[in-house]
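Data first, discussion second: the structure below is written as structure tokens.
We did not get these values from a lab; they are worked out from the coordinates using the rules stated. Fair warning: this is a prediction, and the values are worked out from it, not measured in the lab. Cβ atoms come from the backbone with ideal geometry, glycine included; neighbour counts cover every protein chain shown.
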Amino acid sequence: MASNPASSNAPLLAATQQQAERHYLQAFGQPAQWCVAAPGRVNLIGEHTDYNDGFVLPMAIERYVVIAAGPGKVGHPPAATIRSVDLQESFTVPLNQPPQPGNVAWSSYLAGVIAGFLDRGEALPAFNAVVHSSVPLGGGLSSSAALEVATATLLESILATSLDPSAKALLCQQAEHRFANVPCGIMDQFSSVFGQADVLMLLDCRSRHLQPIPFTSPAVTVLIVNSNVRHELTGGEYAARRRQCEAAAQALGSASLRDTTATMLAASSRQMDEVAYRRARHVLTENERTLQAAEAIRMQDWPTAGKLMYASHASLRDDFEVSCDELDCLVAIAEQIGIAGGVFGARMTGGGFGGCVVSLVNTDAVAAITETIYTHYTAQTGIEPTTFATRPARGSHVLR
Ligand code: ADP
Ligand code: MG
């Protein structure tokens, strides 16, 4: 189990960089010329609202995908050879024409971003790269977006140019859509590009307007607990929820649930399919909660923010039906610890059916809370959770 007090995460990026550069030297026999980083993210509140044109409140986390790189052999056609230290695999991709989507593999995320740059008419020279990451793979903290955004940041470095940050995030989102077949919203890539230390991002997924919400109090920390379960049904269920939300919006006479109100929903409750009604109720109330939580955090009103997180979890569990026993168990443990023990609130985060729980906690109590969660969750489920504390972190940037 990894559990780091909030203050000890800063050296993690430096260590990841050092390891990536060491692996680069080993693999390619030259010191790295470029090194870039892009963070994973966690969403504090606003779940399953992104594809309904709603609000989300994510932050970048102190866990990064780092890429160390240098010029490759001049050849025809120019090519990129990229190695993942984490997967111990390499691949080579020609750079004379945009790669095409194929079977989804880890290379797809990089190939998708390379394709995005070549499609813009950029000419990429041969390069070698090593990927090394402290974002858990497939843990719901968006290692995929971090990998895409790190790749885009590397290509900016190689080309000595910088894209408009929104265009960069959208290019990475396209890579995920086209090359990983994941029809994600904009939250993950925007968080990885726009993250700032001590800032949460209130993102309007319709207008793409991003409002910074200061999260400066050192007394409060975000604690992420990975349930270490991932139930298989996720893909199909995600698509089903999207369809149900569209159907609910249609039943309410709107193009999107963003345009509907609680009054409209109440007025239509009799005519509506019961499941569609509950799906809509989650999205409507979640948008409200997200705006309220942003305000509460701005006011440093942690108990109110925490209550909204518990309410979000209940809504995701009962109305949207995307939780699972393990996530419910973690939230129940957090609730039992309570404010007296330093927990303000907790909820599942990400698509659901496993993955992580995010909680707002007293920084001083992180170690004790982590211990209690570990003991109780292991006793109740037989599964060991993985835990780490983080503050809102800086978005993608150049290290070398
Ligand atoms: P999440 O984004 O929640 O972590 P995804 O399934 O969307 O989960 O993305 C995980 C995938 O991203 C991995 O299976 C792998 O293909 C790719 N990936 C992420 N980080 C790395 C890495 N460090 N090295 C190689 N591939 C990675
Ligand atoms: Mg992902």
**Fill in**
Sorting Gln189, Pro214, Leu118 by the position of each Cα along the dipole of the stretch 10-215 (Lys, Arg +1; Asp, Glu -1; all at Cβ), the one nearest the positive end of that ordering is Leu118
**Item:** Computed log₁₀ I(q)/I(0) - Debye formula, equal Cα scatterers, no solvent, the stretch 274-314, q 0.17, 0.25, 0.28 Å⁻¹
**Value:** -0.45, -0.76, -0.87
**Message:** Taking loop as defined by DSSP and a crowding limit of 13 other beta carbons within 10 Å, which trypsin sites (Lys or Arg not before Pro) in the stretch 266-313 fit?
**Reply:** Arg270
**Request:** Please list, in chain and number order, the residues 5+ apart from Glu62 or on another chain whose amide H is under 5 Å from its amide H, with Hs placed from the backbone.
**Result:** Arg391
**Item:** Estimated Rh, the stretch 237-315: Kirkwood, alpha-carbon pairs, angstrom
**Value:** 13.4
**Message:** With unit charges on the beta carbons (Lys and Arg positive, Asp and Glu negative) and the dipole taken about the Cα centre of the stretch 220-390, which residue among Leu308, Ser256, Ala379 sits farthest to the positive side?
**Reply:** Ser256
**Message:** What whole-number distance in Å separates the alpha-carbon centres of the stretch 279-310 and the stretch 263-277?
**Reply:** 23
**At most 13 other Cβ within 10 Å, DSSP loop - trypsin sites (Lys or Arg not before Pro), the stretch 5-102** = Lys73
**Request:** With a Förster radius of 35 Å, plug the Cβ-Cβ distance of Ile339 and Val104 into 1/(1 + (r/R0)^6) and report the FRET value to the nearest 0.05.
**Result:** 0.20
**Fill in**
Final fewest-first order of Val74, Val104 on the 10 Å Cβ neighbour count is Val74, Val104
**Fill in**
Rounded to one decimal in Å, the inverse mean reciprocal Cα-Cα distance for the chain, i.e. its Kirkwood radius, is 21.6
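What number results when the radius of gyration of the stretch 220-390, computed over Cα atoms, is divided by 2.2 N^0.38 Å? Show your work: numbers first, answer last.
Details: Rg = 17.1 Å, N = 171, 2.2 N^0.38 = 15.5 Å.
The value comes to 1.10.
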**Asked** Most fluctuating residue of Glu47, Glu156, Glu326 in a GNM of the chain with Cα springs under 10 Å: which is it?
**Response** Glu156
**Request:** Give me the distance in nm between label points sitting 7 Å out from Cα along the Cα-to-Cβ direction at Ala219 and Arg22, one decimal.
**Result:** 4.1
**Fill in**
Counting sequence-distant residues (5 or more places) and residues on other chains, those with an amide H built under 5 Å from that of Phe127 are Gly72, Ala79, Ala80, Thr81
**Message:** At 7 Å along Cα-to-Cβ for each site, give me the label-to-label distance between Thr92 and His209 in nm.
**Reply:** 5.1
**Request:** In nm, give the distance between the simple-model label positions of Ala160 and Gln380, each being 7 Å from the Cα along the Cα-to-Cβ direction.
**Result:** 5.8
**Prompt:** P(r) of the stretch 10-215 in 5 Å steps, Cα pairs, percent per bin?
**Reply:** 1, 8, 16, 21, 21, 16, 10, 5, 2, 1, 0
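Can you tell me how much longer the chain between Ala167 and Ala332 gets when fully stretched, taken as 0.36 nm per residue apart minus their C-alpha distance, in nm with one decimal? Walk me through the numbers on the way to the answer.
Details: separation 165, 0.36 × 165 = 59.40 nm, distance 4.06 nm.
My answer for the length gained is 55.3 nm.
For the stretch 224-264, which GluC sites (Glu not before Pro) are both in a DSSP coil and crowded by at most 16 other Cβ atoms within 10 Å?
Values: sites: Glu232, Glu237, Glu246; in loops: Glu232.
Counting only loop positions with at most 16 other Cβ atoms within 10 Å, the GluC sites (Glu not before Pro) in the stretch 224-264 are Glu232.
How do His313, His397 rank when sorted from fewest to most other Cβ atoms within 10 Å of their own Cβ? Present the calculation step by step, with values, prior to reporting the outcome.
Working: His313 27, His397 14.
Final ranking by Cβ density, sparse to dense: His397, His313.
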